[in-house]
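The values are calculated or read from the model by the stated rules, or taken from the named source; none is laboratory data. Fair warning: this is a prediction, and the values are worked out from it, not measured in the lab. Heads up, the Cβs are rebuilt from the backbone with ideal geometry, glycines too, and the neighbour counts pull from every protein chain shown.
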Amino acid sequence: RFRNTYLTALRSGNTKWAMNFISEFENEIIKQGGRNVVDMAYSHCLFEAGEYEKALQKLSKIRTNELYLKFDVRNIALMCHYELGNTETVLSQARSYLQFIRNNEDLPTDYAEKSQRFAACLQNLVMLKEKKDSAGLEDLHKEATGYAIDRKMDWIVDKVRESLGRIK
């Protein structure tokens, strides 16, 4: 419930409320062994606030075997590196992420597909943006828009639009 609450607030643009919520329940969550959950929550908020370096610092503290947290860490890290203009890091981490997904046969199929789609679209976005390939970006926009039912793909769609705006 903690995760769903702060993510819902972030989706509706209430970053300050989400930060206050996390702060209010932080000690209780940590007492229950949830230090990673708290660090992840703060990294989500910092990302939404445009504090990409700070979000990466929080992410670097997370050590977990929990699969959903591993995915969250990779997703937010990729988005932070993209926002910071770390092109080579994004491409390298996206390749690694795709391999991680392929090697994890225990993943629920829908989760694996969503994660694969995100990493592949981000990889394509970076390469097309670098080439200033407006036709390729238009195609990627159409593809990503069809999947824009989760926050990560909404973000991809926004980044494709930004890239198209800079090329035209």
Checklist outcome for this item: Here the qualifying pairs (Cβ atoms under 7 Å; residues six or more apart or on different chains; first in the stretch 1-20 and free of Cβ contacts under 8 Å to residues at least 12 places away in the same chain; second surrounded by 15 or more Cβ atoms within 10 Å (Cβ to Cβ)) come out as Trp17/Ala9
Next on the checklist: Just the residues that are of a type in the set (Gly, Ala, Ser), surrounded by fewer than 20 Cβ atoms within 10 Å (Cβ to Cβ) and part of a helix (DSSP H, G or I), please, taken from the stretch 124-168.
Outcome noted: Ser134, Ala135, Gly136, Gly146, Gly165
Next on the checklist: Regarding the stretch 64-72, can at least one residue be identified that is under 16 Å from the mean Cα position of the chain (by Cα) and crowded, with 19+ Cβ neighbours inside 10 Å?
Outcome noted: yes
Checklist outcome for this item: Quick count over the stretch 113-139, residues being without any contact (Cβ under 8 Å) to a residue 24 or more places away in the chain and within 18 Å of the chain's Cα centre (by Cα), is 3
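Does Ser92 satisfy being of a type in the set (S, T, N, Q) and under 13 Å from the mean Cα position of the chain (by Cα)?
no
Can Leu46 be described as among the aliphatic types (A, V, I, L, M), surrounded by fewer than 21 Cβ atoms within 10 Å (Cβ to Cβ), on the phi < 0 side of the Ramachandran plot and modelled with pLDDT of 90 or more?
no
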Checklist entry - So which residues in the stretch 55-71 are under 20 Å from Glu83 (Cβ atoms) and not polar (S, T, N, Q), if there are any at all? => result Ala55, Leu56, Lys58, Leu59, Lys61, Ile62, Phe71
